[in-house]
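These notes concern the structure reproduced below.
The values are calculated or read from the model by the stated rules, or taken from the named source; none is laboratory data. Predicted model, so just to flag it, every value in this text is computed and none were measured. Ideal geometry is used to build each Cβ from the backbone, glycine not excepted, and the neighbour counts take in all protein chains shown. What goes into the accessible areas is simple: the full protein's heavy atoms, side chains included, and nothing from ligands, DNA or RNA. Shrake-Rupley method; radii C 1.70, N 1.55, O 1.52, S 1.80 Å.
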Amino acid sequence: MAPKRKPLSDGEMESPADSPKPKDDMTEFPADFAEPVYLVAAREDEKAAYTVFKIDATAVTSGNTPPRAQIVAGLSGTEHGMSFVAAHSKHGSWIVAVGGGLRSGTIIFDPSTLRTYRGPRLMQPKDEPVLISHGGEVYALSRSPRVVPHFDFYPWFETLSFNKGVPSIDCGVRACWSPLSPPPFFPSSLDPYEFRNPPKIVVSSYAAVGSHILLSPQPELRLGTYAFHVVNKTWEKVHDENLPFVDQAVPVGGSLYAAYLTSDKASAGSASLFYMSINTSQSTHDADVSTTSLSIQEFPVVASMPKVPRPLFCPLGKGKFCFIRLGPCRRSHKNANLFKEVEVVLTTFQTENIDAILSACHSQSSTANNLRVALQVKEQSHSYNSKGRSRMLYSDIPVVAALSMNTENIDIFERGAVETRRNQTTNIVETPVIRCWT
């Protein structure tokens with residue numbers, strides 16, 4: 001286990017060599033704890049705009065005392081407006097922050113060593129960009145592209161490789177962000193009138209499926225779903241409908257993904273598992289011409305979940321994911337932005353029959369509409385408290401990201417059931433909603 005550091009005032013951290021034994025909110029976890037979930041919270045600080053917490057998603061509670069959320073570090077060099085993603089390669093796993101102000105830097109944090117590195121700047125500043133980690137690369141896409149400098153101006157789509165190690169001069173790796181072709185629905189070419197009145201585009205849903213990155217803009221535009229091939233570096237429209245969820249769909253094993261449903265599909269706060277597959281077929285008239293299509297099969301998971309501004313899902317292993325929300329927090333009487341105690345509520349969902357679900361989905365043809373598999377889900381909830389001085393920005397949910405360091409090896413960790421304060425197994429649905437898009 002990496003050496004722990006205790007928080008200084010306002011969350012600043014000592015170096016591991018100088019740190020004494022952790023206390024209170026730095027409580028040690030059991031030796032057999034599951035892979036942790038890292039939470040990133042926005043805070044009010046000139047040196048570090050974000051703090052990283054670590055929690056054990058399957059910790060066994062004892063009595064009425066909930067486990068503590070461990071403050072790992074204040075991310076020095078970060079600024080508000082950044083997005084976060086877990087990056088992976090054969091060299092390790094890192095928490096990567098991208099975007100922010102006009103400098104739009106890249107901050108790379110190694111949870112195993114507690115070291116922070118400064119990576120290259122983006123080619124153009126991006127405010128809260130969409131970040132996707134795939135195959136040792138981090139892809140940064142403007143969430144809302146603009147046609148005038150400075151924020152979210154062309155190039156709207158960039159990539160940074162971690163396949164040679166940490167892309168930082170501090171690590172001896174000279175690297176830079178590389179431009180990529182933007183999605184076809186971005187304002188790549190505008191006539192003079194359109195330039196004066198550019199359309200407002202917002203990326204509302206996305207996921208990495210196989211060798212593709214899927215994107216859909218806001219549903220009201222009805223522009224459909226597009227796929228970017230990470231090898232060929234090409235875009236293709238894969239369906240006329242938008243993805244049926246909001247924000248990011250996270251992988252939970254095989255071709256299953258967990259995500260929030262869009263408001264027009266179900267009531268706010270509803271979540272589902274989606275089986276998503278990309279299919280390529282040859283033209284009957286020209287053997288050199290192929291078309292790509294997307295198939296989605298939907299399995300509703302839970303009827304009601306708390307409504308939050310931006311859903312936070314995190315993969316935990318094969319068939320398992322968690323949902324993060326903020327519980328009641330005690331603020332300082334002297335400063336409304338100063339938290340005396342922060343409570344994070346983490347709810348895990350374990351698909352008990354994932355192999356049966358995957359087998360049934362694989363056996364269906366692209367036009368099947370009679371798949372009947374009972375989805376069995378075990379739900380467990382935990383509350384995590386962190387005492388101490390935490391200057392987090394006033395917000396409905398100051399936690400802006402939930403990350404796992406094992407998303408690329410998701411099929412290899414299966415965990416046994418653990419005792420929790422709430423543990424129930426139910427058959428959620430008899431017949432999933434089938435969306436076969438071809």
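Enumerate the whole-percent occupancy of each 5 Å bin, from 0 to the last occupied one, for all C-alpha pair distances of the stretch 148-211.
3, 12, 16, 20, 16, 13, 9, 6, 3, 1
Among the listed pairs Lys233/Lys378; Lys54/Lys320; Lys237/Lys378; Lys200/Lys237; Lys126/Lys164; Lys54/Lys378, which have their C-alpha atoms separated by more than 28 angstrom in this model?
Details: Lys233/Lys378 39 Å; Lys54/Lys320 18 Å; Lys237/Lys378 36 Å; Lys200/Lys237 20 Å; Lys126/Lys164 25 Å; Lys54/Lys378 23 Å.
In this structure, Lys233/Lys378; Lys237/Lys378 lie more than 28 Å apart at Cα.
Quickly rank 115-127, 249-261, 220-232 as a protection proxy: mean count of other C-beta atoms within 10 Å, highest first. Walk me through the numbers on the way to the answer.
On the way: 115-127: 19.8, 249-261: 23.5, 220-232: 16.9.
Descending packing order for the listed peptides: 249-261, 115-127, 220-232.
Roughly speaking, to the nearest percent, how much of the stretch 173-242's 1.4 Å accessible area is carbon and sulfur? Please report the intermediate quantities before stating the final value.
On the way: 1940 of 3710 Å².
Of the solvent-accessible surface of the stretch 173-242, carbon and sulfur hold 52 percent.
Take each of the peptides 295-301, 169-175, average the number of other beta-carbon atoms within 10 Å over its residues, and list them starting from the highest. Don't skip to the end; give the middle numbers.
Details: 295-301: 22.4, 169-175: 13.9.
So the peptides 295-301, 169-175, ranked by packing, come out 295-301, 169-175.
Take the alpha-carbon centre of the stretch 131-203, take the same for the stretch 113-127, and report the distance between them in whole Å.
So the two Cα centres are separated by 14 Å.
Work out Dmax and Rg for the stretch 142-279 from the C-alpha atoms and quote the Rg first, both in angstrom.
In Å, with Rg to one decimal and Dmax whole: 16.9, 50.
Could you state, as a whole-number percent, how many of the C-alpha pairs of the stretch 117-189 are farther apart than 17 Å?
43
For the stretch 101-110, take each phi angle, set θ = phi - 60°, evaluate the Karplus expression 6.51 cos²θ - 1.76 cosθ + 1.60, and give the result in whole Hz per residue in order, putting x for glycine and proline.
Values, residue by residue: x, 4, 6, 6, x, 10, 10, 10, 10, 9 Hz.
Report Rg (one decimal) and Dmax (nearest whole number) for the stretch 175-249, counting Cα atoms only, units Å.
So, for the stretch 175-249, Rg and Dmax equal 13.4, 39 Å respectively.
Where Rh is the Kirkwood radius over the Cα pairs of the stretch 208-266, the temperature 20 °C and the viscosity 1.002 mPa s, what D in µm²/s does Stokes-Einstein return?
Numbers: Rh = 12.2 Å.
Rounded, D is 176 µm²/s.
Taking H placed 1.01 Å from N in the peptide plane, check which residues at least 5 places from Tyr260 or on another chain put their amide H under 5 Å from its amide H.
Val246
Rounded to the nearest whole Å², what accessible area per residue is found for the stretch 98-221 with the 1.4 Å probe?
Numbers: 5480 Å² over 124 residues.
Heavy-atom accessible area per residue stands at 44 Å².
Can you tell me the relative contact order of the stretch 81-204? Whole percent, Cα pairs under 8 Å, sequence separation 6 or more.
On the way: 288 pairs, mean separation 25.9, N = 124.
Once normalised by length, the contact order is 21 percent.
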